1. Being surrounded by fewer than 20 Cβ atoms within 10 Å (Cβ to Cβ) and either under 15 Å from the mean Cα position of the chain (by Cα) or at pLDDT below 95 (or both) is the requirement here; does residue 92 meet it?
2. Surrounded by 14 or more Cβ atoms within 10 Å (Cβ to Cβ), over 21 Å from residue 31 (Cα atoms), modelled with pLDDT of 75 or more and out of contact with any strand residue (DSSP E or B) (no Cβ under 8 Å at 6 or more places or on another chain), is that true of residue 85?
3. For the condition assigned to a loop (DSSP other than H, G, I, E, B) and at pLDDT 95 or above, what is the one hit in 39, 16, 77, 35?
4. Would you confirm, using the coordinates I've provided, whether residue 72 is modelled with pLDDT of 95 or more and touching a helix residue (DSSP H, G or I) at 6+ places or on another chain (Cβ under 9 Å)?
């Protein structure tokens with residue numbers, strides 16, 4: 001059997017990052033390591049999502065970037081990452097290029 005290496009999906013990671021800590025502190029993420037992963041894995045162009053095939057911007061990259069921005073915004077962390085992914089970065093470029 002062939003060993004395969006699987007990479008985390010930024011879209012899925014973002015959704016898991018939005019799960020609040022149950023019980024006493026719903027103002028904190030249940031899985032803080034996922035929030036940290038989002039902060040550590042933003043691409044230079046402001047997006048999240050591996051473009052392993054060198055394709056142009058596509059729906060998967062857009063959805064992953066939006067999910068990561070929402071997750072960071074939910075916990076009020078990564079303001080510079082949010083800015084690079086939205087207003088000053090990737091999503092603005094995507095909008096003007098494809099609208």
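The values are calculated or read from the model by the stated rules, or taken from the named source; none is laboratory data. All of these numbers come straight from a predicted model, not from anything done at the bench. All Cβ positions, glycine included, derive from the backbone under ideal geometry; neighbour counts span all protein chains shown.
1. yes
2. So residue 85 fits the description; yes.
3. Values: 39 fails: assigned to a loop (DSSP other than H, G, I, E, B); 16 fails: assigned to a loop (DSSP other than H, G, I, E, B); 35 fails: assigned to a loop (DSSP other than H, G, I, E, B).
Step by step, each of 39, 16, 77, 35 is checked, and only 77 is assigned to a loop (DSSP other than H, G, I, E, B) and at pLDDT 95 or above.
4. yes
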